[in-house]
1. Principal axis lengths of the stretch 2-71 from Cα atoms, whole Å, largest first?
2. Sum -39500 (n - 2.57) across every DSSP H segment of at least 4 residues in the chain, then divide by the residue count to get the 222 nm mean residue ellipticity, nearest 500.
3. Give me the dipole magnitude in Debye, nearest 20, for the stretch 2-71 about the Cα centre, with unit charges on the beta carbon: positive for Lys and Arg, negative for Asp and Glu.
4. Please turn the phi angles of the stretch 21-27 into ³J(HN,Hα) values with the Karplus equation 6.51 cos²θ - 1.76 cosθ + 1.60 (θ = phi - 60°), one per residue in order, whole Hz, x for glycine and proline.
5. For a quick check, take a GNM of the chain with Cα springs below 10 Å and name the residue from Ala18, Ala52, Ala33 with the largest mean-square fluctuation.
6. Against the longest alpha carbon principal axis of the chain, how many degrees, from 0 to 90 and to the nearest 10, is the axis of helix 52-61 turned?
7. Roughly how many whole Å is it from the C-alpha centroid of the stretch 49-63 to that of the stretch 17-46?
8. What full-extension length gain, to one decimal in nm, is calculated for Leu23 and Leu46 as 0.36 nm per residue of separation minus the Cα-Cα distance?
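Read the figures in this text as sums done on the coordinates, not as results from a lab. Keep in mind that what you see is a predicted model, and the values were worked out from it rather than measured. Cβ placement follows ideal geometry from the backbone for every residue including glycine, while neighbour counts extend to all protein chains displayed.
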Amino acid sequence: MLACDSSFAQLTVAEPRANLQRLVADTQQLPIAPACLDLITVTQALHWFTDAAFFTHVSSLLKPGGLFCAWCY
């Protein structure tokens, strides 16, 4: 599992888990190999990523049949 945020402080709030990697990065330039993720989620923050470049980048990171999910509460 990978948690990514542009804020280190935000990532440190997450409960420690053995299978959780934390990554401080800009969403437009995630240092992740293409077509390697099964699922990408955005929770309560999609309004920050509504440009075409974000969705192009997300699409390039997903494996064939991968899923992008966004939700708000």
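1. 30, 25, 22
2. On the way: 2 runs with 15 residues, N = 73.
The helix-only estimate for the chain comes to -5500 deg cm²/dmol at 222 nm.
3. Dipole size: approximately 160 debye.
4. 9, 10, 9, 8, 6, 7, 5
5. Looking only at Ala18, Ala52, Ala33, the largest GNM fluctuation is found for Ala18.
6. Rounded to the nearest ten degrees, it is 80.
7. Going from one Cα centre to the other spans 11 Å.
8. Fully extending the segment from Leu23 to Leu46 adds 6.5 nm.
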